[in-house]
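The values are calculated or read from the model by the stated rules, or taken from the named source; none is laboratory data. Everything quoted here is computed from the prediction, not taken from an experiment. Neighbour counts are summed over all protein chains in view; Cβ atoms, including those assigned to glycine, are modelled from backbone coordinates with ideal geometry.
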Amino acid sequence: DDQGEVSAVPQLFDVEYLAPVEIGTPPQTLNLNFDTGSSDLWVFSSETPERQQGGQKLFRIEDSTTARRLDNHTWTITYGDGSRSAGNVYTDTVSVGGVTVFGQAVESATSVSASFTHDAASSGLLGLAFDSINQVRPNKQKTFISNALDSLEYPVFTANLKKAEPGNYNFGFIDPTEFTGPLSFIPINATSGFWQFPASGFSISQPGNASFANSTAGMFVPIAHTAIADTGTTLLLLPAALVQAYYAQLPGAKTSASEGGWVFPCKATPPDLVLHIGTYRAVIPGELVRFAPVDTDDFETATVCYGGVQTANGLPFAIYGDVFFKAQFTVFDVEGERLGFAPK
Ligand SMILES: O=C(NNC1=NCCC1)c1ccc(Br)cc1
């Protein structure tokens, strides 16, 4: 019986974005991690072993009069960061932001890996990628957005994440008050099951100088890459050559084996990173690259900061994670298989 100390690292910085989901009858509200990088809706439940629970609110299956076991179906999933979960499958009524789906597959965890156990705030995940990569067997199940599509005014959802404060996801409409410039759409390739798109490279601009971002002053570095839009990943993970070229512009930036990535002096404000996506110029302000202090708990006293831009080592794609969505309002056009970006 493991009596070892379980140290909880306080989540002081935008590690993940949770939203309330109502499951069952009467509705049980759980905060789930909305993840455009996966396609399973799974929850900590009354079937999750106590030793693997870490304070999460549980979906109590036996308390829902509309929960139905999907016999002989199971699921198992491994995420890009190596975290894992697995279990049984039920169908039940699920509501998100006033949108209700009857008969939604709700995957109950009978096993979760340590990083999920130690994340008390998250009761599971709600996948928003394409049905093709749902992990229920022998019959794949549909995602919440796939099931909800016909009941939405427009077949879209949007992400409006923010630094150090709540953001929001909208389902079925585009709220023009949530972004400033024009929306720029690009087609995605859904063959992989992800929100996948090509990017041509990057340029650099001095912080807060948007006009500079569009001028030729910040030379364009043509490091083309394939990316996925993934709200389930915290950082912006890019090809090593691109990350190296970016941090080369930041005095004192270096890779740290102990911190597991690129770090730099906290006193410096990194240059803005401009990602070239088709004709769209996605400006990632340097203050978002200044992701978290490393040697203390606050930016004012820390000397070393951890970068919000890191290398997508060993991954098949670049991962445009939450750091990206804090800078760009994003439309996920499910029916049109397009992504729309706008500054905000
Ligand atoms: O798992 C992925 N995104 N979501 C989540 N990560 C951690 C918990 C949820 C992921 C998907 C595709 C690639 Br390529 C890399 C990572």
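Going through 82, 37, 55 one at a time, which residue ends up being closer than 29 Å to residue 164 by Cβ, surrounded by fewer than 17 Cβ atoms within 10 Å (Cβ to Cβ) and within 16 Å of the ligand (Cβ to nearest atom)? Result: 82 is the single residue among 82, 37, 55 that is closer than 29 Å to residue 164 by Cβ, surrounded by fewer than 17 Cβ atoms within 10 Å (Cβ to Cβ) and within 16 Å of the ligand (Cβ to nearest atom).
Where residues in segment 142-174 are closer than 29 Å to residue 236 by Cα and of a type in the set (S, T, N, Q), which of them is farthest from the chain's Cα centre (by Cα)? Taking the candidates together, the pick is 146. The set of residues in segment 117-165 that are of a type outside the set (Ser, Thr, Tyr), touching a Lys or Arg at 6+ places or on another chain (Cβ under 8 Å) and within 16 Å of the ligand (Cβ to nearest atom) comprises 131, 134, 161.
Cβ-Cβ contacts under 8 Å between residues 6 or more apart (or on different chains), taken from a first residue in segment 53-65 that is closer than 16 Å to residue 88 by Cβ to a second residue that is part of a loop (DSSP other than H, G, I, E, B) and charged (D, E, K, R), are listed as 61/47.
Scanning segment 319-342 for residues that are in contact with a Pro (Cβ under 6 Å, 6 or more places away or on another chain) and assigned to a strand (DSSP E or B) returns a single hit, 338.
Might you let me know whether segment 261-269 holds any residue that is farther than 26 Å from residue 124 by Cα and within 16 Å of the ligand (Cβ to nearest atom)? Spell out the reasoning first.
Quick first cut of segment 261-269, residues farther than 26 Å from residue 124 by Cα only: 261-269.
Cutting the leftovers down to within 16 Å of the ligand (Cβ to nearest atom) gives us 261.
The answer is yes, given that some residue of segment 261-269 is farther than 26 Å from residue 124 by Cα and within 16 Å of the ligand (Cβ to nearest atom).
Residues in segment 113-132 that are touching a strand residue (DSSP E or B) at 6+ places or on another chain (Cβ under 8 Å), surrounded by fewer than 24 Cβ atoms within 10 Å (Cβ to Cβ) and in contact (Cβ under 8 Å) with a residue 40 or more places away in the chain: 2 in all.
Does segment 236-289 hold any residues that are of a type in the set (Lys, Arg) and either closer than 16 Å to residue 321 by Cβ or part of a loop (DSSP other than H, G, I, E, B) (or both), and which are they? Walk me through how you get there before you give the answer.
Going residue by residue through segment 236-289, those that are of a type in the set (Lys, Arg) are 254, 267, 281.
Within segment 236-289, 267 is the sole residue that qualifies.
Scanning segment 219-232 for residues that are part of a loop (DSSP other than H, G, I, E, B) and touching a helix residue (DSSP H, G or I) at 6+ places or on another chain (Cβ under 7 Å), which turns out surrounded by the most Cβ atoms within 10 Å (Cβ to Cβ)? I'd like the intermediate steps shown before the answer.
First, pick out the residues of segment 219-232 that are part of a loop (DSSP other than H, G, I, E, B): 219-220, 222-224, 230-232.
Narrowing further to those that are touching a helix residue (DSSP H, G or I) at 6+ places or on another chain (Cβ under 7 Å): 223, 231.
Numbers: 223: 20, 231: 27.
Filtering segment 219-232 for residues that are part of a loop (DSSP other than H, G, I, E, B) and touching a helix residue (DSSP H, G or I) at 6+ places or on another chain (Cβ under 7 Å), the one surrounded by the most Cβ atoms within 10 Å (Cβ to Cβ) comes out as 231.
Each residue in segment 274-318 was checked for being away from the ligand (no atom under 16 Å from the Cβ) and either at positive phi or of a type in the set (S, T, N, Q) (or both), and 5 of them qualify. Screening residue 321 on (1) away from the ligand (no atom under 16 Å from the Cβ); (2) of a type in the set (Gly, Ala, Ser); (3) in contact (Cβ under 8 Å) with a residue 24 or more places away in the chain shows it passes everything except condition (1). Residues in segment 311-344 that are out of contact with any Leu (no Cβ under 9 Å at 6 or more places or on another chain) and among the basic types (Lys, Arg) were compared, and the one that is farthest from residue 283 (Cα to Cα) is 338.
Looking at the structure I just gave you, is residue 183 within 16 Å of the chain's Cα centre (by Cα) and at pLDDT 95 or above?
Working: within 16 Å of the chain's Cα centre (by Cα): no; at pLDDT 95 or above: yes.
Taking the combined requirement at face value, the residue does not satisfy it.
Here is the figure for segment 85-112: residues that are more than 10 Å from the ligand (Cβ to nearest atom) and either under 15 Å from residue 44 (Cβ atoms) or buried (at least 21 other Cβ atoms within 10 Å of the Cβ) (or both) total 18.
Screening 150, 119 for residues that are over 21 Å from residue 70 (Cβ atoms), touching an Asp or Glu at 6+ places or on another chain (Cβ under 9 Å) and not in a strand (DSSP E or B) leaves exactly one candidate, 119.
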